[in-house]
Amino acid sequence: MKNNKKAFTLAEVLVTMGIIGVVAALTVPNLIKNYQTQSLVTSLHKVYNEFSQAFERYLSDQRVETLTESDLGGGNANGIRTFMTDYFKIVNNCNGKYNYGSKTCFAESYGYVDSEDSTTIASTCNGTYTLASGAAICVDAFNNSNYVAIIEVDVNGAQGPNIFGRDFFQMYVKPDGTLYDQKWLDNNQKANFAKNNGSATGAFGQILNDNWQMNY
C-alpha cells in the first residue's frame, strides 16, 4: 500500500515560523512591560502594607488615638527615626541622605514618565534607609494638620527603572496612621508628571484610586 501521509513543505514551515515571529515581536514586549509594571505595583503595595501595619501597632504601643499625640507629633525628627528603627528591619542606614559615602539607598538620579530628562536628588531627610525588602525609604516628620509625615519610597532601591511614578513614589501619613497622596488631591485627583513637580507626581494616589493598577 502506498503511504499517502502528507507533510508540510519547507516553504509552509518558513511562512508559519515567520508569522509566529511577527506575532511574538508584537506581543512579547508588551507582556514583559506589563509584568514589570505589575511587579513594581506589587512592591509598592507591600511597602504600603508594611507602613500601615507599623503605624497601627505604633498607635497601640503609644496608647494614643492619633500620631499627633505620639512621639511623632510636632514634626519630631528623632521620633520618626526611632519609629523606623523600632518597627522595621533595616539593612542600610544612609544617615538622612539619599546616599551616604559608600552606602547606597537611592539611585543617583531619576527620570520622568513623560520626558527623557533626569535629575540628581541631593536633598536630605530626617532618615533614609534600605529595608529588608530592598525598598529605599526617605522619611520626614511634619507639624501639619493634614499629615504628620511624608514618606518617599523607591520600591526596589537603586535598581531601575529609577523614574518618578514608576518605582519612586511619595506617600503622606495622616494623623490616624493611614497613607494617602496629598499631591494627587492637589492636582484635582490626577497624577501630574511634569518635570517641575519632581518626585511629587501624585502617582501613588492614582494607583490607589485605580485599585492598585498603574494605568498611566
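Here are some notes:
- Set of aspartates and glutamates near residue 174 by C-alpha distance (under 16 Å), chain-local residues within fewer than 8 positions excluded: 50, 56, 65, 69, 71, 140, 152, 186
- Cross-link pairs exceeding 29 Å between alpha carbons, from the set 89/190; 46/97; 89/195: 89/190; 89/195.
- Full-extension gain in nm, residue 109 to residue 45, via 0.36 nm per residue minus C-alpha separation: 20.7 nm
- Net charge, residue 140 excluded, C-beta distance under 14 Å - Lys, Arg +1, Asp, Glu -1: +1
No value in this document is a laboratory result; all are computed from the given coordinates. From a predicted model like this one, the values you see are computed outputs, not experimental measurements. Please note: Cβ atoms are built from the backbone with ideal geometry, for glycine as well, and neighbour counts cover all protein chains shown.
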